[in-house]
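The structure under discussion appears below in the form of structure tokens.
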Amino acid sequence: MKRRDFIINSVLTLGGSAILTTGCSDKKIIKTQGQVAKRKFKNLDIPLLGFGCMRLPMDGSKVDMAELDRMTEYAMNHGANYFDTAYMYVDGLSEIAIGKVLKKYSREDFILADKSPIYKMNSRSDVRKIFDEQRKKCQVDYFDFYMCHNINQNTVDQYKQVKMVEELDKLKQEGKIKYLGFSFHGTPEILKDVVDDYKWDFAQLQINYLDWDVVNAHEQYNIVQNLNIPVTVMEPLRGGGLVNLSEKAMAKLKENYPDETTAQFGLRWAASQNNVITVLSGMSNLKQMKENIATFENFTPMSPEEIKVADEIAKIIQSQGEINCTACKYCMEVCPRGINIPAIFALYNQYKVTKSAFHLKLYYETLSDSEKADKCIKCGLCNKNCPQNLPIPELLSQVQKEYEKAR
């Protein structure tokens, strides 16, 4: 079925009134300019840059709708027509704001992704109830991409108990969801379980060159790639942490690529993974939008040499923070509890740069319980193996206290 025919045949009713989004004459006309790179996904051409709608332009406590409208128009004119929102983004305002700006365009001109908030689900009926609420906020008949949001060790039981996949599959069969996936912030063990629950169309993972080896990102990517599940990327710049590099890390980048910005470098690295169909960037103003679109207009995947530089920068970041850990992993060779000490210290160092307690909590909880700092028994074996002579048990205790504050 053609995309336009799908839309016309998918007239649905919300709150007793029909919502029909066809190419009416009052819709904005796309003024095609330089186009971002695309990747094929089933019958769609997906822009390699997606508009992540978690950090919208703000005017005080309200979304700056005029700036958002300018950003949206620029994105649409340059082929960056993939928009990713969620129930809780911008304190619940994101879906409403995105619905307002996208209503100005014909439905077939944009690709909209949304997510089912697991934490709000007390029963299977809640899945459909909240789904319909989201459609109403976004002013659409269907979602192109829809996800079980933020599956991790704290939400996986609830996700299963309310039979979320079964209910969302029914919505997909009804034509209200075109492609069903999940976003993930958990351990590889949980991911292996989740991918067996359903024949997923895609998965949304946290992928960036720092987390690739530090926080299981590479392992998670391989799990879904081995099952031919395409990936949409979140946090390619690690919540802004890969934009504001340390002096030494920046020097390494400029030594090799003097004309490249930190944002360009991080985005290109994420987009160079061959199983990735789009990289989401949480842009907050038109300037960021223009810069990111320029990165993807003439996109070329990173060379092996560039990948090597990214690895070197990641190592510098790990060793340049408040905790001077080089991730040699000698400590892990002797730790009787299997604590992921380098990952914990890398997370803490990024937290000290970004000052984001939210991200500390989010990233820390991607570690399995057995890998976390509170499992340290202070045996001191790690200290003897540390080339940097770090007081590892004391530092683990320090990180645990910060994490407890962030919870």
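The values are calculated or read from the model by the stated rules, or taken from the named source; none is laboratory data. Just so you know, these numbers come straight off a predicted model, no measurement behind them. Neighbour counts are summed over all protein chains in view; Cβ atoms, including those assigned to glycine, are modelled from backbone coordinates with ideal geometry.
Quick notes on this structure:
- Test: residue in the stretch 157-178 that is under 25 Å from Ile277 (Cα atoms), surrounded by 17 or more Cβ atoms within 10 Å (Cβ to Cβ), under 17 Å from the mean Cα position of the chain (by Cα) and touching a residue at least 40 places away in the same chain (Cβ under 8 Å): no
- Hits in the stretch 299-337 - residues which are within 30 Å of Glu73 (Cβ to Cβ) and free of Cβ contacts under 8 Å to residues at least 40 places away in the same chain: Thr300, Pro301
- Of the criteria (1) part of a helix (DSSP H, G or I); (2) touching a residue at least 60 places away in the same chain (Cβ under 8 Å); (3) over 22 Å from Tyr89 (Cα atoms), which one Gly266 fails: (2)
- Flag if Arg39 is in contact (Cβ under 8 Å) with a residue 60 or more places away in the chain, out of contact with any helix residue (DSSP H, G or I) (no Cβ under 7 Å at 6 or more places or on another chain) and not in a strand (DSSP E or B): no
- When residues in the stretch 224-246 are screened for being part of a loop (DSSP other than H, G, I, E, B), under 20 Å from Asn275 (Cβ atoms) and over 14 Å from the mean Cα position of the chain (by Cα), 4 of them pass.
- Subset tally (residues that are touching a residue at least 60 places away in the same chain (Cβ under 8 Å) and crowded, with 18+ Cβ neighbours inside 10 Å) for the stretch 55-77: 4
- Test for Tyr198: is it assigned to a loop (DSSP other than H, G, I, E, B), under 28 Å from Ile339 (Cβ atoms) and either out of contact with any Pro (no Cβ under 6 Å at 6 or more places or on another chain) or of a type in the set (A, V, I, L, M) (or both): no
- All positions within the stretch 110-127 that are over 15 Å from Leu171 (Cα atoms) and surrounded by fewer than 15 Cβ atoms within 10 Å (Cβ to Cβ): Tyr119, Asn122, Ser123
- Selection from the stretch 55-79 of residues that are within 16 Å of Lys100 (Cα to Cα) and part of a loop (DSSP other than H, G, I, E, B): Leu56, Pro57, Asp64
- Evaluated against (1) farther than 26 Å from Lys115 by Cβ; (2) free of Cβ contacts under 8 Å to residues at least 60 places away in the same chain; (3) of a type in the set (A, V, I, L, M); (4) buried (at least 18 other Cβ atoms within 10 Å of the Cβ), Leu237 falls short on exactly one condition, (1).
- Residue in the stretch 128-149 that is closer than 30 Å to Ile339 by Cα and buried (at least 22 other Cβ atoms within 10 Å of the Cβ) present: yes
- For the stretch 380-399, the condition of being at pLDDT below 90, of a type in the set (Asp, Glu) and over 29 Å from the mean Cα position of the chain (by Cα) holds for none of the residues.
- All helices (runs of 4 or more DSSP H) inside the stretch 316-396 with 1 or more residues being within 12 Å of Val214 (Cβ to Cβ), not small (Gly, Ala, Ser) and not assigned by TED's automatic domain parsing to the domain that holds Ala217: 341-354, 357-364
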